[in-house]
Amino acid sequence: MRTPAGTECPYYYEDFHRGRSHQECRLIASTPGGGTYSPDLCARCRIPRIVLANACPNMVLEARVVSGLLGLRRRVEIAANCTRSGETVREPEIGCGQCHIDFPAMTTQEDD
Ligand code: SF4
């Protein structure tokens, strides 16, 4: 679904039918301690770019709302983990590389 920022995000949901006014981020809502979603958070959120770049089924994403000084400048902090390697994925757009080992065709000759 298209977010208020104009990006496609699989975690965004809204319902404005028949007088309703409901907007939510299902990723923030499903993350323990995720915080409270507000539509302005989508503008600077990395998740739409991450899911576009990396569709790995083993990567689990979490999103938490964090604030700067005095509770201002709220933003979404991302965490990614691989269920296969059990490790933190440092660059979610790329992945941890564990799956690339199983598919050598996905690596270059120099990697062998
Ligand atoms: S905050 Fe990020 S993950 Fe949540 S709906 Fe907006 S763009 Fe998607």
| So what are the radius of gyration and Dmax for the Cα set of the chain, in Å? | 16.7, 59
| said: How big is the dipole moment of the chain about its Cα centre under a simple scheme where the beta carbon of each Lys and Arg is +1, that of each Asp and Glu is -1, and everything else is neutral? Debye, nearest 20, please. | reply: 740 debye
| Within the chain, longest stretch clear of exposed trypsin sites (Lys or Arg not before Pro) (DSSP loop, no more than 14 other Cβ within 10 Å) | 21-72
| remark: Cβ-Cβ cut-off under 12 Å around Ala29, Lys and Arg +1, Asp and Glu -1: the net charge is 0
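For the chain, which whole-number percentage of the solvent-accessible area (1.4 Å probe, protein heavy atoms only) is attributable to carbon and sulfur atoms? Display every interim value, and only then the final one.
Values: 4030 of 7790 Å².
Here carbon and sulfur together make up 52 percent of the probe-accessible area.
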| query | Where nothing but the Cβ of Lys and Arg (+1) and of Asp and Glu (-1) is charged, how large is the charge dipole of segment 39-99 around its Cα centre, in debye to the nearest 20? | reply | 200 debye
| Any idea which of Gly34, Pro57, Ala79 is furthest toward the positive side of the dipole for the chain, if Lys and Arg beta-carbons carry +1 and Asp and Glu beta-carbons -1? | Gly34
| With the contact rule set at Cα under 8 Å and sequence spacing of 6 or more, what percent relative contact order holds for segment 27-102? | 28 percent
| DSSP-assigned coil residues among chymotrypsin sites (Phe, Trp or Tyr not before Pro) in segment 5-50, each with at most 14 further Cβ atoms within 10 Å | Phe16
| query | What is the spin-label model distance, in nm, from Asp40 to Ile101 if the labels are put 7 Å beyond Cα along the C-beta direction? | reply | 4.5 nm
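The values are calculated or read from the model by the stated rules, or taken from the named source; none is laboratory data. Computed from a predicted structure; not experimentally measured. Please note: Cβ atoms are built from the backbone with ideal geometry, for glycine as well, and neighbour counts cover all protein chains shown. Calculation scope for accessible area: heavy atoms of the full protein, side chains included, ligands and nucleic acids excluded. Shrake-Rupley method; radii C 1.70, N 1.55, O 1.52, S 1.80 Å.
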